[in-house]
1. So what's the projected area for the stretch 31-107, the Cα convex hull averaged over all directions, in nm²?
2. Between beta-carbons, use under 10 Å as the cut-off and find the net charge around THR211, counting Lys and Arg +1, Asp and Glu -1.
3. Counting C-alpha atoms alone, how compact is the stretch 113-216: give Rg to one decimal and Dmax as a whole number, in angstrom.
4. Using only the Cα atoms, what convex hull volume per residue in Å³ does the chain have?
5. Tell me the Kirkwood radius of the stretch 77-154: reciprocal of the mean inverse pair distance over distinct alpha-carbon atoms, in Å.
6. Using θ = phi - 60° and the Karplus curve 6.51 cos²θ - 1.76 cosθ + 1.60, what whole-Hz ³J(HN,Hα) does each residue of the stretch 127-142 get, with Gly and Pro shown as x?
7. Out of residues 5 or more away from VAL194 or on other chains, whose amide H comes under 5 Å of its own, with H placed 1.01 Å from N in the peptide plane?
8. HN-Hα J couplings of the stretch 184-201 from phi, Karplus 6.51/-1.76/1.60, θ = phi - 60°, integer Hz, Gly and Pro as x?
Amino acid sequence: MLIDGRHQRTIWLENDEPGRCVVRILDQTRLPHEIVVVDLTDLEAAAVAITTMQVRGAPLIGATAAYGMALAVQADASDEAVDVAYERLMRTRPTAVNLRWALDRVRAVLRNQPREQRLARALEEAAAIAEEDVRICKAIGDHGLELIRDAARAKPAGEAVNVLTHCNAGWLATIDWGTATAPIYRAQEEGIPVHVWVDETRPRNQGASLTAFELLHQKVPHTVVADNVGGHLMQHGMVDLCIVGTDRTTRGGDVCNKIGTYLKALAAKDNGVPFYVALPSTTIDWTITDGVRDVPIERRSPDELTRMTGRTDDGRIETVSITPAGSPAANYAFDVTPAHLVSGLITERGTASASEEGLRSLFPEAGRTPAA
Ligand code: MRU
């Protein structure tokens, strides 16, 4: 999508010198105030980029991990090095299942390859994962567009459809297009007026700093609201539909997304507002059914909660503390929204009910045998 009118992706490959590849990313810890491109030259840099959330969002975590495997192979193409890289990257973040999916995929193509061909194969596979993600997100956009179109038909002509979203499930969380934002960008292309309520998304403010950034650059009308505002907006008929992303979807249709998503789904249910979840099939974990019980919920440093970084009026980037020095804080990064609160799952193959039956109707070939 666009930054300052120029097309940009979140991750790409540079061949710095013959035989030496560098993976480039947009550093999302610096947005929205600074646009900084960072070079990843080895496995450790890729792992750190995921852990520190220079890259984040389930699909982008998967693609970065895939490129991280290639960077590892560039340094050492032995079986042992591949296994070490796999384990190192797997430990970076626990919740998004795309990480495991992407790592499994790259490791599988490396097996039984002669060492001298492993770098080329790993790069090919990482590039394929990235390209597929773009196609998948665009298809999610096409299917989600129908829901926005229906909402527009139900309103007086020319009135904007109000979509509420939480966190950043936009192009910055993927390679391009995003998941929750793809239907919004497609609606914009089709000339359907849309306005987006952007939850700030404490503690890391992915909504306020990332979703707002991309909507602004894409010229989509939007308003940032505090996390607590959604219920009020819904009570007053100011939200036509919610669309959020997911880091892990169980085969029963429970969705695990950024902390606070569950509360929005509860408010949506109470107010009869449709609550949709947009997802690439790569976020479906066919091995589990019960999200509350089985999805590992990441806990991050309390510093992310007790401190905030922003730009001062004279342009300096500063970090300040916002809680009393002695107060303990707990930083749960995700929560699970049970399937019964979800109006539908928007996937690359269409929109399904949030249920095993619904998912299997779109992906009959998948997940027959739970992975060991
Ligand atoms: O902690 P983050 O920023 O990686 O969390 C991201 C989200 O919760 C997104 O909604 C999710 O990954 C879906 S991305 C298309």
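Only the coordinates and a few stated rules stand behind these numbers; no lab work does. This structure is a prediction, so every number in the text was calculated from the model and none was measured. Because the Cβ atoms are built from the backbone with ideal geometry, glycine has one as well, and the counts that use them run over all protein chains shown.
1. Working: hull surface 19.1 nm².
Its average projected convex-hull area is 4.8 nm².
2. After counting each charged neighbour, the total is -3.
3. 17.3, 63
4. Numbers: hull volume 55.8 nm³, N = 372.
Here the figure is 150 Å³ per residue.
5. Across the stretch 77-154, the inverse of the average 1/r is 14.9 Å.
6. These are the phi-based 3J(HN,Hα) values: 5, 5, 4, 5, 5, 4, 4, 4, 5, 5, 5, 4, 5, 4, x, 4 Hz.
7. Result for VAL194 returns VAL161.
8. Karplus values, whole Hz, x for Gly and Pro: 5, 5, 5, 4, 4, 4, 7, x, 8, x, 10, 10, 10, 7, 9, 5, 4, 6.
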